[in-house]
Structure formats: structure tokens, C-alpha cells
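Since the structure comes first, as C-alpha cells, the remarks are kept for the end.
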Amino acid sequence: MAAKLKMFRNAGQSQRFRFVVLVIGCFLVSMTFIVVSRPLVFPSLSSRLRPKKSDVEPKKAADSSPYSAPFMREDEQTTQQSEKNAEENLQVKNNGAVADPIEEDKTDIDEVLESTSETEEDRTKNDGSSDRDEPHNRMTLPTVSNYTINDNVQVENKTAPDQPVQEIKDVEKKLSCEFSDPRVDICEMSGDIRIPGNSSDVIFVESPGRNEVFRFRPYARKGDEAASSRVRELAVKYSTAAPECTVNHDVPAIVFSAGGYTGNLFHDFTDVLIPLFLTSRPFDGEVQFVVSDMNPWWIYKYLLVFKQLSKYPVIDFDKDKGVHCFSRVIVGLRAHKELSIDPARAPNGYSMVDFGKFIRNTFSLERETMSNIEDLAGKRPRILIIARKQSRAFVNLSEITRLAEQLGFEAVINDGEAGGDVAQLARLVNSVDVMVGVHGSGLTSLVFLPPNATIIQVVPWGGLEWISTLDFGDPAKDMGLNYVQYSISIKESTLRKQYPKNHPVFKDPLSFHKQGADVVRSTFMDKQNVKLDTKKFKNVLWKALEHIIQ
């Protein structure tokens, strides 16, 4: 360029004039090109001034997810509009909403964009927490609606100026119920839901055309008439006419009953607390409980559990006068089996091991594992004997206690019932290495035992092995406990004093099972006590000691 300028200087006046015009023209064209294509010609400079693409734009893998916000932004037209959209998208991300990716404009220098995109793809592949993995990490519920509990997409997007809030709500509106499960009925809904206090209604506000009503009792013992008689029926309904909101909630709600058999330790856990853990734990405290058939004393009894699962005070559905409005509601609790969890059906693969950790953390229990024989350092292993006071009681309790102490145990006697102080019972049970008791609600205390502890269940006479295994044997194994089952003989049952030797109670106990649960209970549970044969039972205690030694 310098040689050409020198040549022009030596030329005539006319040539010099033409050159000046040419230079000025080239300069103007070049400056125009630079201004128009600045972000494309200088991508590295642009990336330094603007937020990273991974921080501003949504993750590309989320395109196929039904939970991404269902809209796309308009294409960028100018540099100023591009910067403005970037700031808006960053604000949306900070507020928890996710927008779909932008289809970029095609230009004459696509090679530059492609090379930049490839560079970012390479970085993503080398990163263990790539954006493409996110949809696989989302936990979906195993029931009807398959919402994502930990989904980072919000129902409302108040910061996106180019998308009306109402359109997002319309897409996400949904109500679906599952009534085929043998244990529970449950409805899930997302949209405009209103719960008038002191009523039986959960109202799903919908446009005209649907008027279905789903009536059921939100308690995890479906089909049990005695339990159902103590649970108020609720109505989940579509409606265009709904009362005005008096309280708006930013978190989801779970509606359930605390009626039924609550007050019995076994049913407290298997019918309410474990199902409540399953249903609410994925929300990490950001959930509101709305409870029907609520007894304040019962809520207070398990207040530590409720506070651990929800950051908000419980709403008494029966007495509250307000109209509570939510964008998401679950009516009913998930439940799998007696006093246990099926990880294959549970959100996040929760198991009874997880529930045990949750309980120990809730009650600040010290022992996260059982001490082995070396850790005892001269101390005797502790055994808790559950001494029932009415039916299925140990007749020879003192004899059993002496046997345990002769084998080297420190024996502790308790009825296994929490009363009003669950924390006190939890600390006691967590301090022992072995727990023994006759089939009954007191064995529910196994939820407080440290992992690898041993539970011994004594099964009364009457063909009760199956229900004993179902209620406590399987849950104990699911919690990582050592389980020993001891079925008594006729000689160890007090039924010998009530019936002759040839009575069907002894000859054909299973015939009573054909007559129904009430007959089984009145015959083999309510009227039977246990007198253990200590010579036989000694071998059972030795098994428990072997678990400690191992």
C-alpha cells in the first residue's frame, strides 16, 4: 500500500484527486462492513463482553423435554437488540425459567460461527456435567402425571416480555388421577387450583366444557372400611366458578388426611409418615401441607417430622376459613407397602435406608451404625425388650430378662409406644443393639435402630407368620437391619388355657383366616399372651450376639 501511495504522489494532479476519492470510498465501505458485521467478525471479543452462551441460552438437550417453557424468542436483528435479549435471558435464568434456544441468522461467514459452535461442543463433551445430561438427571414421578418434582422450569415467567404468562399457564394446565393402585388414590394437578378452607373441595379452575368430579379419601389404606369411616371424602373437581383467592402460595400443596388409624404407632408410620416422606421429600421443604381430619395433638406429636419435610405451618383443611390458591397440588399420598418403600417406584429411588437416615437426622440420633464388639470396649451390648401391657404380652418377662443378662446383654424394658414424646423413644431405641418383641405396633420402633442392629420378632400361635413378615420382617431387611423370626409353639401360648387340645385353634388355625381379619384378630391377637421357652429362645439370642461379633 505504501508503494502505491508513493506512485500516486509522483503522478499528476488529476491522478492524485482520483486516488483520494478512491481511498475515501474504500474507507467508507470498510467501516460500513465492520459496523454491520462486528459481532460475527470478532466472535472472541463478543464472547468476552457478553454472558457465556451456557449462562444465557437454555440447554439444547431440553428442546425435547415437555417441561421447557413452550415458546421461542424472536431472531436478533441488530447489535443493540442482541445485547438486550442476552440481558433478558440472563434475568429469566436467574428467576428459574428456561427459554428455548434461538435459531441464529445465516450470514456469509457461517464458517466462523460453525467453528465457534464446534469449540463449545468440544468443551461440553469434555465436561462431566454436560448440558445434555440434565434431562436424564430429572426425577419423574412413577404415577399418573409424570411431572418433574425437581424441575427448574417455573409455572409463571414474569420476566419474559415477549411471552404472555397466560399462554404458559394454558400449556401447563393438567389434572390427572390414579385410582388403580391397591393402596391409595391420588390426583395431581397443575394450573389454577383453589382450596376453600372448611370445605371438601379442591377446585381446578378450567374453561367451560368439563365438569368432572373425583371423590375419594386421601388416606393410604384404601379399601379398609374401618379406616375409611374416619377419613373425610374430598372432591377434586373442574369448575369455571371458583371463590376468589385470599391467600396465594408460591409453593405446591399436598392434601392428605390424618384420620384413619392414626394414634397407633404402626399406622402413624405406615399410613401417613412414610407416604408423606415419599410424596413431599423431593420438594426439599418447599411444599405446603393441607391436612384434613387433623388432630392438633397428633401434629404436635410428630412436629419435628413435619418441620423437616415442610418449611411452612400446616393448614387445617377443616377449620381454616381462607381460600388458598396454588399452581400445583397433589391430593393423596403415595404408598407402596406396609412400613416400607419400593425404590423402583419411589421418586429419586428413595428406600427405607433413606427413610432411616431421614428419621435419625430429624430426631438428632447419635448412632448412624451399630457398634461392633471391639467398639464396645468392655461395655455390654444393649437389648431392648418390648413388654406389651395387654394382649401378646410376655408372661415370663423377668425370666427372659435374666436370660439376656446371663448371655452378656444389658437389658432394657419398654412397651415400645411413643406416647407424647417420640424423640425420647427414638433416643432409647437408637441406643440399643438388639430389639425383641411379640408381633405388634411396638416393633415399629425399628425405624429408630442404627443400621446393622438386630430385631427379633416373636410370632404368636395362629398362622401369623405371613403378616409378621409383611409388617416388620420385610421392612427390617429393607432398612438394613438383621432380622430373626421366632414362632412360638402351642406350649408357649396362653391359648392352651382357653381351648381344649383338639380345638381347631390348634388343629387348623388357618381355617380362622378364611373367616376374615376380625376373627383372626379376636382369636389369635386380642386373647393371646406368650410364655417363652427360655431354653429354645437362648439360641435366638445367640444369633443376635453373633451379628454383633461379626
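The values are calculated or read from the model by the stated rules, or taken from the named source; none is laboratory data. A quick note: this is a predicted structure, and the numbers were derived from the prediction, not measured. In this analysis, Cβ positions are derived from the backbone assuming ideal geometry, glycine residues included, and neighbour counts consider all displayed protein chains.
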Handout entry: Hits in region 488-517 (condition: touching a helix residue (DSSP H, G or I) at 6+ places or on another chain (Cβ under 9 Å), loosely packed, with under 10 Cβ neighbours inside 10 Å and of a type in the set (D, E, K, R))
Key = 501
Exercise for the section: Of all residues in region 278-323, count the ones that are within 20 Å of residue 356 (Cα to Cα), over 17 Å from the mean Cα position of the chain (by Cα) and not in a helix (DSSP H, G or I). Expected result: 1
Exercise for the section: Output yes when any residue across region 405-418 is touching a residue at least 60 places away in the same chain (Cβ under 8 Å), out of contact with any strand residue (DSSP E or B) (no Cβ under 7 Å at 6 or more places or on another chain) and within 27 Å of residue 549 (Cβ to Cβ), and no when none is. Expected result: yes
Exercise for the section: Only residues in region 345-361 that are modelled with pLDDT under 95 count as the first member; pair them with residues that are among the hydrophobic types (A, V, I, L, M, F, W, C) and surrounded by fewer than 19 Cβ atoms within 10 Å (Cβ to Cβ), Cβ under 7 angstrom, at least 6 apart or cross-chain, and list the lot. Expected result: 347/139; 348/139
Exercise for the section: May I ask you to verify whether residue 485 is at pLDDT below 95 and closer than 30 Å to residue 343 by Cα? Expected result: no
Practice task
Could you please find all residues in region 419-439 being over 18 Å from residue 481 (Cα atoms) and in contact (Cβ under 8 Å) with a residue 12 or more places away in the chain?
Solution key: 420, 422, 423, 425
Handout entry: Of residues in region 252-291 being in contact with a helix residue (DSSP H, G or I) (Cβ under 6 Å, 6 or more places away or on another chain) and polar (S, T, N, Q), the one surrounded by the fewest Cβ atoms within 10 Å (Cβ to Cβ)
Key = 264
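Per-residue answers, yes or no, for (1) surrounded by fewer than 17 Cβ atoms within 10 Å (Cβ to Cβ); (2) on the phi > 0 side of the Ramachandran plot; (3) touching a Gly at 6+ places or on another chain (Cβ under 9 Å):
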residue	(1), (2), (3)
295	yes, no, yes
299	no, no, no
306	no, no, no
325	no, no, no
331	no, no, no
352	no, no, yes
Fill in the blank from the handout: Going through (1) buried (at least 21 other Cβ atoms within 10 Å of the Cβ); (2) touching a Leu at 6+ places or on another chain (Cβ under 7 Å); (3) not in a strand (DSSP E or B) one by one, residue 437 fails only at (3)
Exercise for the section: Identify all residues within region 206-252 that are within 22 Å of residue 177 (Cβ to Cβ), more than 28 Å from the chain's Cα centre (by Cα) and among the hydrophobic types (A, V, I, L, M, F, W, C); write none if there are none. Expected result: 241, 242
Handout entry: Only listed residue being more than 25 Å from residue 495 (Cβ to Cβ), touching a Ser or Thr at 6+ places or on another chain (Cβ under 6 Å) and buried (at least 16 other Cβ atoms within 10 Å of the Cβ), chosen from 404, 411, 418, 426
Key = 411
Problem - Residue ranges of helices (runs of 4 or more DSSP H) in region 441-550 with at least 2 members closer than 22 Å to residue 267 by Cα and free of Cβ contacts under 8 Å to residues at least 12 places away in the same chain - result: 517-520
